[in-house]
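Peer 1: First, the structure itself, so that you have it in front of you.
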Amino acid sequence: MLIPAGFVFSLILFVALFLNLNPQFGANPSKEQVQEFEKLPHYSDGKFQNLIPTEMSMGFAKAIKLLPEFFKSDPSRQPDFELPVQKVDSLDLINSIQSRLIWFGHSAFLLQLAGKNILLDPMFGDVPAPHPWLGNERFYDELPIEVEQLPIIDMVFFSHDHYDHLDYESVQRLIPKTKMFYVPLGVGAHLERWGVSRENIQEMDWWEEDSYEGVSVAFTPSRHFSGRGLSNRFSTLWGSWVISTTSESIYFSGDGGYGPHFQEIGDKYGPFDLALLECGQYNENWKEIHMMPEETAQAGLDLRAKQIMPIHWGAFRLAMHSWTDPIDRLLPKAEELNVKVRTPMIGSFLYFNEEQSQNSKWWLKPSE
């Protein structure tokens, strides 16, 4: 009995040390912050709440039943060819006059707006997990440009604290060249543990507005959840971002299920020149926290977006659908609803004022 007992004790000790010492897990909000959260209408029972009832649990039996399907080796869930990635020269990022952005895959972007360099959910790591053994690797080996080659970053926006959006190593690499981090309530605790100065962090609540050197910012709701550890779900807020100037505006959805908040955001801040909308890693079992592709098209209508771009796909396998299912389902629904869709290749420039000419079906095999 001593050997099994010793093994169990060692395993428990290892897990405890891993959870407490690994900086990837970040930090929880302070007691003083929690006291302030308790005054908010969307915070109760020690947790942030969605605006409408949102089912999070599939039940233990169903979760166990889905595990084999999730880990099944299905070749359709990732590319069977080398994805085309446009390399970016750092000199091409200097003094941009036109508003434009570069997609890094998944939900990560470099946005150049009003002379500012802005990053959206800059997850530049290889695996969206607290350890490489706990997740699937990125579909492609090299990013369009490395962090160290990027220009000085004026603003970084994070939509929530999940690993495929907020990455410890990426933040570490960005600290020396970033002026300001914009995050949801509570997420600043992670950044402070990782070495970001409090004065360089702006935490925001839903519907709160701010401005930074000519760029207007609003943090808006989404229908999702948060948490990086085993016991801190809902401890920080999640949401979407409206980023605008006097002449242009962009919407960045972060993650979330479909809901009436899209219409509310469109009524308050629309129309948008471009909406970057989640379209991937969904399943009928968790559709209330990750909307389906057809709902992505409808969200574009609700937001009054002149054009939309599907995000949250093209980089990682985090669900059970084929890796091209998001775009295959979105395009026909968008055409039915007369929603214009932009599909730039990873690494290529997308200019706000260009039409469909810049689209490419980069996700198809060369032989197709």
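Peer 1: Suppose the filter is surrounded by fewer than 23 Cβ atoms within 10 Å (Cβ to Cβ), closer than 17 Å to PHE124 by Cβ and of a type in the set (Asp, Glu); does GLU192 pass it? Before you say what the answer is, go through the steps one by one.
Peer 2: Numbers: surrounded by fewer than 23 Cβ atoms within 10 Å (Cβ to Cβ): yes; closer than 17 Å to PHE124 by Cβ: no; of a type in the set (Asp, Glu): yes.
Criteria not met by GLU192.
Peer 1: Something else: How many residues, within segment 197-209, are open to solvent by 10 Å² or more (accessible area, probe 1.4 Å) and closer than 25 Å to TYR168 by Cβ?
Peer 2: Adding up the residues that qualify gives 8.
Peer 1: Please specify each residue of segment 294-327 satisfying the condition of being in contact with a helix residue (DSSP H, G or I) (Cβ under 8 Å, 6 or more places away or on another chain) and charged (D, E, K, R).
Peer 2: GLU294, ASP302, ARG304, ARG317, ASP325
Yes/no per residue for (1) closer than 28 Å to LYS268 by Cα; (2) touching a Lys or Arg at 6+ places or on another chain (Cβ under 9 Å); (3) not charged (D, E, K, R):
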| position | (1), (2), (3) |
| --- | --- |
| GLU146 | no, yes, no |
| GLN149 | no, no, yes |
| GLU169 | no, no, no |
| LEU174 | no, no, yes |
| ILE201 | yes, no, yes |
| SER211 | yes, no, yes |
| VAL215 | yes, yes, yes |
| PHE219 | yes, no, yes |
| PHE234 | yes, yes, yes |
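Peer 1: On to the next question. From the list SER99, SER73, which one is open to solvent by less than 20 Å² (accessible area, probe 1.4 Å) and modelled with pLDDT under 95?
Peer 2: Unique residue meeting the criteria: SER99.
Peer 1: Of the residues in segment 246-270, how many are open to solvent by 70 Å² or more (accessible area, probe 1.4 Å) and either in contact with a Gly (Cβ under 6 Å, 6 or more places away or on another chain) or closer than 22 Å to VAL215 by Cα (or both)?
Peer 2: Of the residues in segment 246-270, 5 are open to solvent by 70 Å² or more (accessible area, probe 1.4 Å) and either in contact with a Gly (Cβ under 6 Å, 6 or more places away or on another chain) or closer than 22 Å to VAL215 by Cα (or both).
Peer 1: Scan segment 313-322 and give yes if some residue there is open to solvent by 10 Å² or more (accessible area, probe 1.4 Å) and touching an Asp or Glu at 6+ places or on another chain (Cβ under 7 Å), otherwise no.
Peer 2: Yes, some residue in segment 313-322 is open to solvent by 10 Å² or more (accessible area, probe 1.4 Å) and touching an Asp or Glu at 6+ places or on another chain (Cβ under 7 Å).
Peer 1: Can you tell me which of ILE153, ILE145 is touching a strand residue (DSSP E or B) at 6+ places or on another chain (Cβ under 6 Å) and modelled with pLDDT of 95 or more? Break it down into steps so the answer makes sense when it comes.
Peer 2: Working: ILE145 fails: touching a strand residue (DSSP E or B) at 6+ places or on another chain (Cβ under 6 Å).
Result of the check over ILE153, ILE145: ILE153.
Peer 1: Answer yes if at least one residue in segment 79-93 is open to solvent by 90 Å² or more (accessible area, probe 1.4 Å), at pLDDT 75 or above and over 30 Å from GLN281 (Cα atoms), and no otherwise.
Peer 2: yes
Peer 1: From the list VAL34, VAL15, VAL8, pick out the single residue that is surrounded by 10 or more Cβ atoms within 10 Å (Cβ to Cβ), modelled with pLDDT of 95 or more, on the phi < 0 side of the Ramachandran plot and in a helix (DSSP H, G or I).
Peer 2: Working: VAL15 fails: modelled with pLDDT of 95 or more; VAL8 fails: modelled with pLDDT of 95 or more.
Unique residue meeting the criteria: VAL34.
Peer 1: May I pose another question? Can you pull out every residue in segment 204-215 that is closer than 18 Å to ILE153 by Cβ and not hydrophobic (A, V, I, L, M, F, W, C)?
Peer 2: Of everything in segment 204-215, those that are closer than 18 Å to ILE153 by Cβ and not hydrophobic (A, V, I, L, M, F, W, C) turn out to be ASP210, SER211, TYR212, GLU213, GLY214.
Peer 1: Taking only segment 220-268 into account, find how many residues are more than 23 Å from MET56 (Cα to Cα) and assigned to a loop (DSSP other than H, G, I, E, B).
Peer 2: 4
Peer 1: Further, regarding this structure: Would you confirm, using the coordinates I've provided, whether PRO144 is touching a residue at least 60 places away in the same chain (Cβ under 8 Å) and more than 14 Å from the chain's Cα centre (by Cα)?
Peer 2: yes
The values are calculated or read from the model by the stated rules, or taken from the named source; none is laboratory data. Note that this is a predicted model, so its numbers are computed, not measured. Glycine also receives a Cβ, built like all others from the backbone with ideal geometry; neighbour counts cover every protein chain displayed. Protein only, heavy atoms only, side chains kept; ligands, DNA and RNA dropped before computing areas. Shrake-Rupley method; radii C 1.70, N 1.55, O 1.52, S 1.80 Å.
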